[in-house]
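Below is one structure, written out as structure tokens; comments come after it.
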Amino acid sequence: MKATYSAVVFDLYTALLDSWTLWNRVAGSEETGLAWRTRYLALSYRAGSYRPYEGIIEEAAGLVGIPAGRTGELIRLWGELEPWPEARRVVSGLLEKVPVGVATNSSILLAETAVASLGVPLSLVVTAEEAGFYKPRPQPYLMAVERLGCEPASVLFVAGSAVDVPGASAVGMPVFWHNRRHLRPVDGVRPRYVSDSLEPLLDLV
């Protein structure tokens, strides 16, 4: 049976954009890029209340031995983040039906740059900087729902990172996990839907 939702909210850097490739390129290898990104994600998830996003990236670089200056290079290249191949078409198709936004663990400035690289105008963008807290704390998810004027149960959250599955579920949002890299679930929480492509969203909304 086809599900009906009032809006769709995406995680930005994993669900909509292929941030992995840029991080790996700046790091110098896939292995080093993965270590850097994994440490940065862990730091942001543990941060809770917001502290500068760019500072977390720099701290993670130092912890995994990334040479000084690479964080600045990554930030300078932020506009080169690429959407997943089907992302623009899927988002455009969803926008013909419902509002579409993002809730991201990011600074306002970098989120604006990343959304511009998507190339599709979104209905709203909520950042951890605005919400005052990092996901998976509830504030970013709830800020998105409140701005949409919807009940959490009517807004489909499209997770990219595994931690977004329990994070969005905890505030009552149904979750579609775009698990492109076949990550393992965390906290034993299962999404309502899971796929390694965004394509099924067009049939769910």
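The values are calculated or read from the model by the stated rules, or taken from the named source; none is laboratory data. Since this is a predicted model, take the numbers as computed values, not measurements. All Cβ positions, glycine included, derive from the backbone under ideal geometry; neighbour counts span all protein chains shown.
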- Query: Hey, among the residues in the range 83-121 that are part of a loop (DSSP other than H, G, I, E, B) and of a type in the set (S, T, N, Q), which one's surrounded by the fewest Cβ atoms within 10 Å (Cβ to Cβ)?
  - Reply: Ser107
- Query: Looking at (1) more than 30 Å from Thr71 (Cβ to Cβ); (2) without any contact (Cβ under 8 Å) to a residue 24 or more places away in the chain; (3) aromatic (Phe, Trp, Tyr), can you tell me which one Phe176 breaks?
  - Reply: (2)
- Message: It is to be established whether one or more residues within the range 34-41 are buried (at least 19 other Cβ atoms within 10 Å of the Cβ), modelled with pLDDT of 95 or more and among the hydroxyl-bearing types (Ser, Thr, Tyr).
- Response: no
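Here's the yes/no breakdown for (1) farther than 22 Å from Ile75 by Cα; (2) among the polar types (S, T, N, Q):
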residue: Ser107; (1), (2): no, yes
residue: Tyr134; (1), (2): no, no
residue: Gln139; (1), (2): yes, yes
residue: Leu142; (1), (2): yes, no
residue: Val145; (1), (2): yes, no
- Message: I need the full set of residues from the range 179-205 which are in contact (Cβ under 8 Å) with a residue 40 or more places away in the chain and either at positive phi or of a type in the set (D, E, K, R) (or both), in order please.
- Response: Arg180, Arg181, Glu199, Asp203
- Query: What number of residues within the range 37-82 are part of a loop (DSSP other than H, G, I, E, B) and under 20 Å from the mean Cα position of the chain (by Cα)?
  - Reply: 6
- Out of the residues in the range 122-150 that are surrounded by fewer than 19 Cβ atoms within 10 Å (Cβ to Cβ) and free of Cβ contacts under 8 Å to residues at least 12 places away in the same chain, state the one that is farthest from Ile56 (Cα to Cα). Gly149
- Of all helices (runs of 4 or more DSSP H) completely enclosed by the range 128-182, which ones contain at least 3 residues that are of a type in the set (A, V, I, L, M, F, W, C)? 138-148, 164-170
